[in-house]
Amino acid sequence: MALSIRRAVATAAVIVVGAGSLAACGANDAQTDSADGDGAKKIALLLPESKTTRYEAFDRPLFEQKVAELCDDCEVVYFNADQDPAKQQQQVETAITEQVDVMVLDPVDGEAAAGLVTSSQDADIPVIAYDRFIAGSDYYMSFDNAQVGKLQAEALVEAVGGSGSILMLNGAPTDPNAGQFKEGAHSVLDSSDVEILAEYDNPDWSPENAQQWTTDQLGKFQPSEINGVYAANDGQAGGVVAALTGAGMARDALPPITGQDAELAAIQRIVAGEQYMTIYKPIKVEAEKAAEVAVDIANGEEITGTTDFEGVDSFIFDPIIVTQDNVGDTVVADEFYTVEEICAGAYADACQAAGLA
Ligand code: GAL
């Protein structure tokens, strides 16, 4: 991930950990990235977890970079909740105590976060719901999540030839996006001739749970009965591949498996024919819009160009489908990854065969 490495080097000089009034070490430790150290305006960024690579590798650095570019006297106070809603609540409380000017919150638990929004607004701190919807928030930005589910399911139905039986792994029920992906996917699957053998709502999106659940299903169904697997994201797709190969299935004989997030490992599996597709969400667009809106709020400027989503002023972006055919035209063209990153080591031959290197 060229971006994260470049960014890590760039921020090393300006990062201040546990600075000034921030509390000493603890579960809700914040990291402050200040453009000039003055910190006249504070923007809190609260992300939900780190097992999905997007958050630490893209959302955070892209957001911090854009804030630094737009505002000399803004500092970003950063938190990651590690998938723990109680930890996220403490982090919100810390941000309120820190008297941040605005909060950019990607909730672990979307419903519970409505209470966090109220506490924050009571302290005159507006909240931007980032990527996952929170009722009552001041602004919301995300991709069209129902469309993500539809694109995944349409691709899978086509890949299995219109009919057959599949396993279905959805995201965490506490994540509002997961419900939208699932609904979008069901709208396609339920009106097709594809049968769902078994379905699972993964409580924390983890690859480990996905692997264990798939392994359990292999005790109930013959591998030959599994014509395809709907996995709502790439982390879970990785768990599915580990389960199937762990049970003795050859890497070149895996059924079509879906994903989301265009994680590097998933793009490599797609090139190698081990995963059928993923969804690329140009995180740069989302993270930079969040940074722009946060800076405008901190500077007391008006926000324009929003659309309504469930009563909240929103920005909704389009997801992009990635299969072996368009890796070059999507994630490579967008400089999300370089060909060298994708084609490193064991993937060199697969890249050649797929015409990428
Ligand atoms: C969703 C998000 C996805 C993926 C997933 C797992 O809410 O939109 O991009 O990261 O969570 O954390």
- Task: Calculate how many DSSP beta bridges within the chain are antiparallel, expressed in % of all such bridges and rounded to the nearest 5.
- Result: 30
- For the stretch 260-357, state the average projected area of the convex hull of the C-alpha atoms over all orientations, rounded to one decimal in nm². 7.7
- Item | Residues D325, D296, D122, sorted so that the one with the fewest Cβ neighbours within 10 Å comes first | D122, D325, D296
- Message: Using a Förster radius of 41 Å, what is the FRET efficiency between E340 and T304 based on their Cβ-Cβ separation? Nearest 0.05, please.
- Response: 0.55
- Evaluate the Debye formula for the stretch 125-166 with equal point scatterers sitting on the alpha carbons, no solvent, and hand back log10 of I(q)/I(0) at q = 0.18, 0.26, 0.30 Å⁻¹, in q order, two decimals. -0.61, -0.85, -0.97
- Net charge (Lys, Arg +1; Asp, Glu -1) of residues whose beta-carbon lies under 14 Å from that of A198, A198 excluded, is -4
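Add +1 for every Lys or Arg and -1 for every Asp or Glu among the other residues with Cβ under 14 Å from the Cβ of I226, and state the total.
Neighbourhood net charge equals -3.
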- Item | Folded to 0 to 90 degrees: helix 2-12 orientation relative to the chain principal axis, Cα | 20
- Net charge of neighbours whose Cβ lies under 13 Å from the Cβ of T304, counting Lys and Arg as +1 and Asp and Glu as -1: -4
- Note on the structure: Taking the reciprocal of mean 1/r across every pair of different Cα atoms in the stretch 100-169, the Kirkwood radius in Å is 14.3
- Query: If one takes the longest principal axis of the Cα atoms in the chain, at what angle in degrees, from 0 to 90 and to the nearest 10, does the Cα axis of helix 85-97 lie?
  - Reply: 20
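Based on other C-beta atoms within 10 Å, arrange V188, V194, V92 from fewest to most. Walk me through the intermediate numbers first.
Working: V188 19, V194 22, V92 27.
So the ranking, lowest neighbour count to highest, is V188, V194, V92.
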- Task: Any aspartates and glutamates with Cα under 16 Å of the K41 Cα? List them, leaving off those in the same chain fewer than 8 positions away.
- Result: D33, E64, E69, D72, D73, E75, E98, D101, D124, E292, D296, E301
- Taking every pair of Cα atoms in the chain, average 1/r, invert it to obtain the Kirkwood radius, and report Rg/Rh to two decimals. 0.99
- Pseudo-spin-label distance D122 to A247, built 7 Å along Cα→Cβ, given in nm, is 5.0
- Note on the structure: Under the 7 Å Cα-to-Cβ spin-label approximation, Q90 and S192 lie apart by a distance in nanometres of 4.4
- Message: With 10 angstrom as the radius, rank T53, T97, T278 by how many other C-beta atoms surround their C-beta, starting from the fewest.
- Response: T97, T53, T278
- Expressed as a whole percent, how much of the Cα-Cα distance distribution for the stretch 48-143 exceeds 22 Å? 23
- Task: Compare the Cα positions of V102, F58, V77 along the charge dipole of the stretch 58-104 (+1 at Cβ of Lys, Arg; -1 at Cβ of Asp, Glu; about the Cα centre) and return the one farthest towards the positive end.
- Result: F58
- Cα long-axis angle, helix 176-189 against the chain (0 to 90 degrees, to the nearest 10): 30
- Query: Under the Kirkwood approximation for Rh and a Cα-based Rg, what ratio Rg/Rh is obtained for the stretch 166-276?
  - Reply: 0.93
- Task: Quote the convex hull volume per residue of the stretch 145-212, based on C-alpha atoms, as a whole number of Å³.
- Result: 77
- Item | Exceeding the 22 Å Cα-Cα cut-off - candidates K51/K220; K51/K150; K87/K281; K51/K87; K51/K281 | K51/K220; K51/K150; K87/K281
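Here, each number is a calculation from the coordinates, and none is a lab measurement. Bear in mind the structure is a predicted one, so any value in this text is a computation, not a measurement. Because the Cβ atoms are built from the backbone with ideal geometry, glycine has one as well, and the counts that use them run over all protein chains shown.
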